[in-house]
1. For the range 35-62, give me each residue that is in a loop (DSSP other than H, G, I, E, B) and acidic (Asp, Glu).
2. Restrict the check to the range 16-34 and report whether at least one residue is touching a helix residue (DSSP H, G or I) at 6+ places or on another chain (Cβ under 7 Å) and either in a helix (DSSP H, G or I) or at pLDDT below 90 (or both).
3. Show the residue pairs that are 6+ apart or on different chains and have beta-carbon atoms under 8 Å apart, the first residue being within the range 39-53 and open to solvent by less than 60 Å² (accessible area, probe 1.4 Å), the second being of a type in the set (D, E, K, R).
Amino acid sequence: GFQTCVLTNNWVDDSAGRLFTATLMNLLRRHFDLVIESCRLGAQKPDPQIYTYALDALQAKPQEV
């Protein structure tokens, strides 16, 4: 089968709406094999580091995704 991954450019939400953001991220995690958040990794798209991290986490080669 296929693995699915969400790769987000997001930030640590300290606003009044943070509960909505946290709930949304938890819902996403239920539907995907992997959710990578730029704010937790310290890199964001289009930095190649975030793509390399995703490939390593998925144990995949670029031509496979």
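The values are calculated or read from the model by the stated rules, or taken from the named source; none is laboratory data. In this text the structure is predicted, and so the values were computed from the model without any measurement. Note: ideal-geometry Cβ built from the backbone for every residue, glycine included; neighbour counts use all protein chains shown. The accessibility values were calculated without ligands, DNA or RNA, using every heavy atom of the protein model including side chains. Shrake-Rupley method; radii C 1.70, N 1.55, O 1.52, S 1.80 Å.
1. So the first thing to find is which residues in the range 35-62 are in a loop (DSSP other than H, G, I, E, B), and the list is 42-47, 59-61.
Asp47, the sole residue that qualifies.
2. Let us first name the residues in the range 16-34 that are touching a helix residue (DSSP H, G or I) at 6+ places or on another chain (Cβ under 7 Å), namely 34.
Remaining after also requiring either in a helix (DSSP H, G or I) or at pLDDT below 90 (or both): none.
Checked the range 16-34: no residue is touching a helix residue (DSSP H, G or I) at 6+ places or on another chain (Cβ under 7 Å) and either in a helix (DSSP H, G or I) or at pLDDT below 90 (or both).
3. none
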